[in-house]
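The values are calculated or read from the model by the stated rules, or taken from the named source; none is laboratory data. These numbers come from a predicted model, not from an experiment. Note that each Cβ is placed from the backbone with ideal geometry, even for glycine, and that neighbours are counted across all protein chains shown. These accessible areas exclude ligands, DNA and RNA; they are computed on the full protein's heavy atoms, side chains included. Shrake-Rupley method; radii C 1.70, N 1.55, O 1.52, S 1.80 Å.
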Amino acid sequence: MTSMPAELDTDLARKVLDAQPFSRLLGARITAFGDGAATLELDIRDEHRQQNGYVHGGVLSYAADNALTFAAGAALGPAVLTAGFSIQYVRPAVGAVLRARATVVHAGRRQAVVRCDVFCVDTEDTETLCAVAQGTVLNSA
C-alpha cells in the first residue's frame, strides 16, 4: 500500500464528498480517511429502507462504492474513478447507522484493488457485517 499523497487530507475528502449531490441527499459523511483507507457513514432513515424494512441494497452499494473510491483516492490521489466492483450481501441491514470501511489491498501507479466491509451499527455502536465488496479503482489523471 502506498502512502496518501500530501495534497489529500480528511478535510479535502469531506469537501469532495459534500460536492456530490447524491451523497448530500443520502446524508453521507467521511469519518476516517488516509493511508489507503476510508470510512463512510450515514444515518439510516426510513427513506433508505425497502418494503421489508431493511436498508435497500442500492444504499449499501452506494456506501461500498464511495468508500472504495475514497480509500483508493487516499493511495492514488484525488482523480479516481471506480472501474468496477462486486458486492455480496451477507445479511439484511438494520440498525441506526450504515458504516462502510474500505482498505486498499494493492495499489500501483494507476489503479488500486480495494476491499470494503459494510456494517449496520446499532445505538450502542455494535457493528454487524451486512455486506462485503471488492473493486478496482483507476487514477483518471
Quick check on segment 7-20. Is at least one of its residues within 18 Å of residue 122 (Cα to Cα) and open to solvent by 50 Å² or more (accessible area, probe 1.4 Å)? no
Residue 118 vs (1) surrounded by fewer than 21 Cβ atoms within 10 Å (Cβ to Cβ); (2) within 21 Å of residue 14 (Cβ to Cβ): all pass except (1)
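Please determine whether any residue of segment 117-126 is on the phi > 0 side of the Ramachandran plot, charged (D, E, K, R) and assigned to a loop (DSSP other than H, G, I, E, B). Spell out the reasoning first.
Applying the first criterion (on the phi > 0 side of the Ramachandran plot) to segment 117-126 yields 125.
Now drop any that are not charged (D, E, K, R), which leaves 125.
Subset that is assigned to a loop (DSSP other than H, G, I, E, B): 125.
Looking for residues that are on the phi > 0 side of the Ramachandran plot, charged (D, E, K, R) and assigned to a loop (DSSP other than H, G, I, E, B), one finds at least one in segment 117-126, hence yes.
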Looking only at segment 66-81, decide whether some residue is free of Cβ contacts under 8 Å to residues at least 60 places away in the same chain, open to solvent by 50 Å² or more (accessible area, probe 1.4 Å), within 23 Å of residue 20 (Cβ to Cβ) and in contact with a Leu (Cβ under 6 Å, 6 or more places away or on another chain). yes
